[in-house]
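Below: one structure, written as structure tokens.
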Amino acid sequence: MPHKVLIMPDISLTMIALLCLAALAAGWIDAVVGGGGLLLLPVLLLGLPSNTPAAHALGTNKAVAIVGTTGAAVTYARKAPVDVRTAVRIGLAALAGSSAGAFLAAGMSTDVLKPVIMVVLLGVAAFVILRPAFGTAPATGPATRRQILAAIGLAGLGIGFYDGLIGPGTGTFLVLALTAVLHLDLVTASATAKIVNCCTNAGALATFAWQGAVLWQLAAVMAVFNLAGGTLGARTALKKGSGFVRVVLLTVVFALVGNMAYEQWIA
């Protein structure tokens, strides 16, 4: 049976304001290169009361992120050359994967999440450093059937499962996977990833909501800021192009790796 509906945790107005600012920044980052959850989830884990289950932070993060992701997806779909049919097919697989991952996430603790996020960040950083020209070339043409099936398996089921289980970095991983498998440029990959990410967020959110692991009132306030950030980020990426997206990707990855390394080994 589902748990009771959660409303607002006992936190100060100052912390709520900081969480809203984090949601704004995360929305912008997520729309440009993905990975807004790498900022938003750690802030939620730190900002919520210490006795808050990790699943509640994960569920609230999904409720916020789906709003900004949808806003970014709509903005991209209007102007970027997105193959919506392929994106939806990958997204449906991702929805199934994220739902399965979310079921397993309920018993996870904060102590488990933080080291996992750190390892994930280091993997992203290494990949980007080793592929300096990654995603800067224009798309090579329509994807083959084999490429689409590979994208459904990797970006859909695989990354979708990760999104439901942990979440942070899903957008970034989707951009990387779609660029590598479908040979898209970074802007088109970001646009496609937003549609897929909407599906993964929906699947995971439905599971967390059924489990009663969403702080709905806090999520509603933060979602307004996330939507503004997501819409602005998509417009910025469309205007600046793939070179700008890659610079932001590297900046975000290095900043987050440094922050998580400090928290893990120094603080």
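List of remarks:
- Scope the range 12-43; condition assigned to a loop (DSSP other than H, G, I, E, B) and free of Cβ contacts under 8 Å to residues at least 12 places away in the same chain; matching residues: Ser12
- Residue list for the range 205-247, restricted to those being of a type in the set (A, V, I, L, M) and farther than 22 Å from Val32 by Cβ: Leu205, Ala206, Ala209, Ala213, Val214, Leu215, Leu218, Ala219, Ala220, Val221
- Among the residues here, Leu46 does not qualify as at pLDDT below 90, open to solvent by 40 Å² or more (accessible area, probe 1.4 Å), closer than 16 Å to Gly169 by Cα and part of a helix (DSSP H, G or I).
- Of the residues making up the range 49-69, those that are farther than 20 Å from Leu165 by Cβ and open to solvent by 10 Å² or more (accessible area, probe 1.4 Å) are Pro49, Ser50, Asn51, Val67.
- Checked against the criteria, Ala189 does not count as among the small types (Gly, Ala, Ser) and either touching a strand residue (DSSP E or B) at 6+ places or on another chain (Cβ under 7 Å) or modelled with pLDDT under 85 (or both).
- Counting only residues that are small (Gly, Ala, Ser) and under 13 Å from the mean Cα position of the chain (by Cα), the range 164-190 holds 5 of them.
- Qualifying residue in the range 134-142 (condition: modelled with pLDDT under 80, open to solvent by 40 Å² or more (accessible area, probe 1.4 Å), under 17 Å from Gly35 (Cβ atoms) and not hydroxyl-bearing (Ser, Thr, Tyr)): no
- Taking (1) at pLDDT 85 or above; (2) part of a loop (DSSP other than H, G, I, E, B); (3) not basic (Lys, Arg) in turn, Pro168 satisfies each apart from (1).
The values are calculated or read from the model by the stated rules, or taken from the named source; none is laboratory data. Being a predicted model, the structure only gives us computed values, none of them experimental. Glycine gets a Cβ as well: all are built from the backbone with ideal geometry, and neighbour counts include every protein chain shown. These area figures cover heavy atoms from the full protein model, side chains too; ligands, DNA and RNA do not enter into them. Shrake-Rupley method; radii C 1.70, N 1.55, O 1.52, S 1.80 Å.
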